Amino acid sequence: MPQNEYKLLNVQGSDLKNGQKVEAEVEGIEGAKVLLLKVNDQLRALGSKCTHYVKGVIADDGRITCPWHGACFNTDSGDIENAPALDHLNTYLVNVRDNDVYITGDESAIKTGRRVPDIKCSAHSKTNVVIVGGGSGAIGAIEGLREKGFKGKIIVLSKESSLPFDRTKLSKTLISDISKLQWRDESYFKSSDVEFHLETEVDSVNFDAYEVQTKDGKTFSYTTVIFATGGAPKSLPMEGFKSLGNIFVLRGLDDVKEILKATGENRKKIAVIGSSFIGMEVGKCLAGKENDVTIIGMEGTPLERVMGEKVGKIFQRQLEKSGVKFEMNASVEDAKPSSSDASKVGFVQLKGGKQIEADLVVLGVGVAPATEYLKKSGIQLEDDGSVSVDDHWRVEGIPYAYAVGDIASYPYPYSSKPGTKVRIEHWNVAQNGGRQAALHIVNKQKPTAFIPVFWSALGAQLRYCGHTSPKNDEYDDVIIKGNPDEDKWVAYYTSGEKVVAVASQNQDPVVIQSAELMRRKIMPKKKEILSGVNVLDIYVPAGVRIAA
């Protein structure tokens, strides 16, 4: 493609200091913009739009980070360094003449600002990788393997009926159109010699023979296997929840379709059991469709176990403004039939006698690691059913086997208790784990530590980084800065003097800056946050040590 030089408008070469960035228009290309930034005394230019969902980015020591979802890109190559983005950013040669800034590149590449990874391959190696699961961890592994030069066969065994898609949109928006969710089409995987077996569930694994057996009787041999089966939604054990209709979990596309079918023209009475992220997101979404929604939770405030009482109250207030009602400190006794149709739910019976009328019920009571197939395969699972892995995502005690995502308990480098292993049900953890496992499979490279990033569509967009776990007593205090009543705040979760997590609403990019400071082990201490230190004022030079 022809490479031409273009001047950047309204910017001078001397305008930027290290760590600063500016979005600049490109002269001669209508509507085109690039991101110009200065890193280690060098000007760099690349596509200005994060390939996930957001325009804004922030620069530090050679990585650009989306302030909404945490996607990271290398400033030299534009390549992905951190999920959840899949496409890379385009990069352009920068020249400065008489303080004017020019970039060199192809016009179409400047307009799009992004590029799909080139993973085309005709497998010819005798080695092969079998990936069990078809979600975020799987696509991270697929693209990581091919981009790092793996030439063997890749076989994906997925119980899903479709190719990998963006599961985060299910609870946030209840989208049922797979064309709006699917990441890559069939031709993309075919050109990369990736063999998908959809609606295929694994029954067991023979680690001695290096074979995976499926429930339909097929056997797949492997030289390396990656387990990425995610979580299985929990139900409730009471009889009514087992036998009555119009009671749903929410994990897959078919679940969304069934929920939307049951709501019909909306204006239904809906009980959502569980005040976790899934319950809160789907409750808000259904209320926005003019349904009468009640969220039932065991805690005093929504999300209290993870986010704390103070922050939970903020979320409750926000959803109440959207029309959602709450029954907190509640204990569910059973689901009872409708008076008009005894085969379907009519109300949820709470202990103490209160009844919550419901045309349908959505269960958001958590997920368990989907590892049933491993229980019969000889792996010693953790108490919660997860798989213990090392910092390369290798299954402990099993050669040539990796596990990523919701099923993996992995060493968390930023834990307040050294050596702690955590299981984190975040989309970007699964995708990052898949990429890092692929990196180790191909060249045995040790992965770079990352800080988990999470986002949620509550009353206002929530950003969150780090890890808080009631199981591991990861925090003992929460410091809230800003004005929660105006939905503009930052919460710092601390364990002693260490900040272990940060959450915010309408304070971008505080959370992403904090994630980078945590990653490099220079996050301000609790006393510094209390004294007024602003994390956005801290610039991280390239030489600062990364967490390991």
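Summary table
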quantity	calculated
Region 192-232 - residue that is surrounded by 15 or more Cβ atoms within 10 Å (Cβ to Cβ) and charged (D, E, K, R) and, of those, farthest from the chain's Cα centre (by Cα)	Glu211
Qualifying residue in region 420-432 (condition: in contact (Cβ under 8 Å) with a residue 40 or more places away in the chain, surrounded by fewer than 17 Cβ atoms within 10 Å (Cβ to Cβ) and either closer than 28 Å to Gly19 by Cα or touching an Asp or Glu at 6+ places or on another chain (Cβ under 7 Å) (or both))	no
So Pro399, is it in a loop (DSSP other than H, G, I, E, B) and either among the polar types (S, T, N, Q) or more than 14 Å from Ile226 (Cβ to Cβ) (or both)	no
Residue selected from region 38-52 under the condition modelled with pLDDT of 85 or more and open to solvent by less than 10 Å² (accessible area, probe 1.4 Å), by the criterion nearest to Asp87 (Cα to Cα)	Gly47
Leading residue by the ranking (farthest from Lys488 (Cα to Cα)) among those in region 499-542 that are buried (at least 20 other Cβ atoms within 10 Å of the Cβ) and of a type in the set (Ser, Thr, Tyr)	Ser514
Every residue from region 466-507 that is touching a His at 6+ places or on another chain (Cβ under 7 Å) and part of a loop (DSSP other than H, G, I, E, B)	Glu474
Neighbours by Cβ (under 6 Å, 6+ apart or cross-chain): first from region 91-119, over 17 Å from Pro2 (Cα atoms); second part of a strand (DSSP E or B) and of a type in the set (Ser, Thr, Tyr)	Asn95/Tyr102
Any pair with Cβ under 7 angstrom, 6 or more apart, that starts in region 482-500 at a residue that is farther than 15 Å from Leu530 by Cα and acidic (Asp, Glu) and ends at one that is assigned to a strand (DSSP E or B) and open to solvent by less than 20 Å² (accessible area, probe 1.4 Å)	Asp487/Gln505
In region 358-393, residue most open to solvent (accessible area, probe 1.4 Å) [restricted to those that are closer than 18 Å to Ile424 by Cβ and of a type in the set (D, E, K, R)]	Asp383
Subset tally (residues that are within 30 Å of Leu43 (Cα to Cα), among the small types (Gly, Ala, Ser), open to solvent by 10 Å² or more (accessible area, probe 1.4 Å) and modelled with pLDDT under 90) for region 86-133	0
Any hit, region 72-85, residues being at pLDDT 80 or above and surrounded by 15 or more Cβ atoms within 10 Å (Cβ to Cβ)	no
Residue ID - modelled with the lowest pLDDT, chosen from residues in region 499-548 that are of a type outside the set (A, V, I, L, M) and in contact with a helix residue (DSSP H, G or I) (Cβ under 7 Å, 6 or more places away or on another chain)	Gln513
Residue satisfying condition, being touching a residue at least 12 places away in the same chain (Cβ under 8 Å) and in contact with a helix residue (DSSP H, G or I) (Cβ under 7 Å, 6 or more places away or on another chain), within set Gly240, Gly230	Gly230
Unique match (being in contact (Cβ under 8 Å) with a residue 24 or more places away in the chain and farther than 21 Å from Val429 by Cβ) among Ile142, Ile131, Ile154	Ile154
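The values are calculated or read from the model by the stated rules, or taken from the named source; none is laboratory data. Remember, it's a predicted structure, so these values are computed and weren't measured experimentally. Ideal geometry is used to build each Cβ from the backbone, glycine not excepted, and the neighbour counts take in all protein chains shown. For the accessible areas, the whole protein counts, side chains as well, though only heavy atoms, and no ligand, DNA or RNA atoms are used. Shrake-Rupley method; radii C 1.70, N 1.55, O 1.52, S 1.80 Å.
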